[in-house]
Amino acid sequence: MSTDCIFCKIVNKEIPSNFVYENEDVIAINDLHPQAETHVLVIPKIHVASLAELEDVNLMGRLLQSVKETAKAIGLTDYRTIINTGAGAGQTVFHLHIHILSGKNLKEKL
Ligand code: AMP
Ligand code: ZN
């Protein structure tokens, strides 16, 4: 828990948000500024600043499992996952999260 972290506040329900999926390890919410028809963020309940700070290999596996569960729960079969690590790669919120993007126009790769 980091007191000035927006995603910790969402996890702890200090900021109201609609969880599209939740399990023991994560919550999933719609991105505030969607970059695709569907744009969901899978956010671990514990505060980890970025993938570079994540040392728990077991949790790494459970996060990917949680991505699958989230996609299934919201009815997605085809989707792209993105993790931005570090400001230079576009990370703006320093609480690890995995983007799930889906919809038309995603056939073009980055
Ligand atoms: P990143 O650039 O990978 O750090 O992604 C941060 C994402 O969080 C961006 O896509 C933002 O639009 C999104 N975001 C920031 N604040 C909120 C919020 N309060 N609720 C939902 N999404 C948010
Ligand atoms: Zn946090």
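The numbers here are math on the coordinates, done by the rules we state, and not lab data. What you see is a predicted model; the values in this text were computed from it and never measured. For neighbour counting, all protein chains shown are included, and Cβ atoms are generated from backbone atoms with ideal geometry for every residue, glycine included.
With Rh defined as the Kirkwood radius, the inverse of the mean 1/r over Cα pairs, the Rg/Rh of the chain is 0.94. Exposed loop sites were defined as trypsin sites (Lys or Arg not before Pro) in DSSP loop states (anything but H, G, I, E or B) carrying at most 13 other C-beta atoms within 10 Å; in the chain the longest segment without such a site runs 14-103. Measure nothing but the geometry: give the 0 to 90° angle between the long axis through the Cα atoms of 57-73 and the longest principal axis through the Cα atoms of the chain, rounded to 10°. Once rounded, one gets 50 degrees.
Applying both filters, DSSP loop and at most 15 other Cβ atoms within 10 Å, to the GluC sites (Glu not before Pro) of segment 1-104 gives 14, 24, 37, 55.
Over segment 33-84, the hull volume per residue, using the convex hull of the C-alpha atoms, is 99 Å³. Cross-link candidates for residue 107: which lysines have Cα within less than 24 Å, leaving aside residues fewer than 8 places away along the same chain? Output for residue 107: 68, 72.
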